[in-house]
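Everything on this sheet refers to the single structure shown next.
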Amino acid sequence: MSTNVNDTNVTIDQTRSTLHSVSMSTTLGKVMPRIPALMSLKKTALVGALALLVSACAEDKPLNTFEPRGPRAEAIDKLMQPIWVIMAIVFVLVVFGTIGLAMKNRVKPEDYDEDDLPEQVHGNFKLEIGWTIAPAVLLAAISIPTVVGIWELEETNSDPAAGECRANADGARSGELDVMVIGQQWWWEYRYDIDCDGFFEDVDGDGEIYGPNGAGGDLDDAEWPLNIALDDDDLVIANQLVIPAGEQIDLELTSRDVIHSFWIPRLNGKRDTVPGRIHTWSLEADEPGEYTGWCTEYCGLSHARMRMSSVALSGEEFDAWLDNQLGLAEVPSESDEEVWAGYQLFQANCMSCHVVNDGNLSYGPPVVEGEELPDLEPGTVKDFESALTAGAAPNLTHFATRTVFAGAIYSQYAGIDADDDNIDVGEYFELSVDDGNPDGDYRLNAAILKRWIANAPDQKAMAPEDLRGMPAFPALSEEDLDHLVAYLATLD
Ligand code: CUA
């Protein structure tokens, strides 16, 4: 390595002297004899560029957009391949053409004559027309499949503006699934419209839907902001999107705070999530597996730690998963002392932001902006929306069925590497519907979970004072943390 560094230094020195010569000389001819020095600089640059290129190549990486695992991502890949070829041809023609012409037409040092001015030309009309028209034609040719591709990617199974959904009223899934994706600083929430009544609830049947501040809105207004009322019979989960493999899932994307971008590269391209707007998108995975993604729009402190995890299950596994998710969380028995202690701690410390729907939640009156919260019975939540989500923190009703937590930056189970998207989906599924498999290969990552609960902002930059992220809990003892984790482990 040291030899290389020395070589580079020599090259830099040579370049310096070359540059010095350039500044000293006034004509191109004097520089030409210095070509060898320039060439070794080129070599160094070329080796550096190649090293960068090669280090960017890796097979079977979760964020590799060139390894599509679903029809949408495949369509993008198919569009990209010929464009790469065209790009490569244009690159070679322009770069090597320029270099070739410069070499061919240079003045040889022995032929150089200070008084011999080059032939004065004022452009070549045919050439200029040519290199104006050729790129225009090329861009037009590329734009046609690109625009058609964009339109095709926009297509969804159902019309979200009309509140369409394909599930049965009794909750059984009979067709395509609609999922609302809500970007938040710095995690993702997923709301499944299970009962096919759309995402907007008309609480008293007067055609108005309600937000947490008691504001109404038109049911057909697809641009209704995020503070919509939620059905208590729909499903709200966080961090990990679970979908059936081989089916197109329609997504409605929006954001609670700032613009984020939803991107699971192996399943589809990027789509921005914008507060107050709903963008449609869809996902389809050919095979069961885990597909990871990343927020790709800079969104503040922990943008870099706003990851996505998507698990595709076979149809049967998915239906069983859904059944399980729709069930309530179990209220622990007092005889199970550790879990009971954790449950009490959770109620006291966590329930003001997180929701665990164990059947004790009920709707309260809408909160009116500027007014004090009404006194509510214990177990009553403060507004419609909060029955399923507090709006600021993940719903943890079936926490233990997920394989990731903390915005999908940590693996929830020992035995599953968060960066490994080749987990055994069958085993994952087993742990989601059984008892969390506490003694098997997949044990709850208790140490990491405890560290997270004790001081989350220490591990992921957040602003809990502004309801952006989770505060630290310095008052919780080691034993308290053990009890909390024991309770969380029961949420399967
Ligand atoms: Cu969310 Cu970047």
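All of the numbers you see were taken from the coordinates with simple rules; none came from a lab. As the structure is a computational prediction, the values presented were derived from the model and not from experiment. Quick reminder, even Gly has a Cβ in these numbers, built from the backbone with ideal geometry, and neighbours come from all protein chains shown.
Modelled this way, with points 7 Å down the Cα-to-C-beta line, the labels at R277 and N157 are 2.6 nm from one another. The calculated FRET efficiency for L301 paired with E114, based on their beta-carbon distance and R0 = 56 Å, is about 0.35.
Cross-link pairs exceeding 29 Å in C-alpha to C-alpha distance, out of K78/K126; K42/K108; K42/K104; K43/K104, comprise K78/K126. The slack between I150 and A446, meaning 0.36 nm per residue of separation minus the straight C-alpha distance, is 102.1 nm.
If each residue of separation counts as 0.36 nm, what is the full-extension length gain between N324 and L53 once their alpha-carbon separation is subtracted?
Result for the pair: 93.0 nm of gain on full extension.
Given R₀ = 41 Å, what would the calculated FRET efficiency be for H122 paired with A88, taking r from the Cβ atoms and rounding to 0.05? The value I calculate is 0.80.
Work out how much length D466 to D336 would gain on full extension: take 0.36 nm times their residue separation and subtract the Cα-Cα distance, in nm to one decimal. List each step's numbers first, then the result.
Details: separation 130, 0.36 × 130 = 46.80 nm, distance 3.64 nm.
Extra length from D466 to D336 when fully extended: 43.2 nm.
Just to verify a number: FRET efficiency for T65 and D286, C-beta to C-beta distance, R0 = 22 Å, to 0.05? Show your work: numbers first, answer last.
Values: r = 16 Å, r/R0 = 0.71.
Once rounded, the FRET efficiency stands at 0.90.
Each Cα pair under 8 Å and six or more residues apart adds its sequence gap; the mean of these over the residue count of segment 230-309 is a relative contact order of 32 percent.
Rounded, prolate or oblate for segment 48-138? Axes are the square roots of the Cα gyration tensor eigenvalues, ordered a ≥ b ≥ c, and the cut-off for rounded is a/c under 1.5.
Working: a/c = 6.20, a/b = 2.04, b/c = 3.04.
In terms of gyration-tensor shape, oblate.
Report note on the peptides 179-185, 135-141: ranked by the mean count of other C-beta atoms within 10 Å, highest first, their order is 179-185, 135-141. Label-to-label distance, I259 versus F96, with points set 7 angstrom from Cα along the beta-carbon direction: 4.0 nm.
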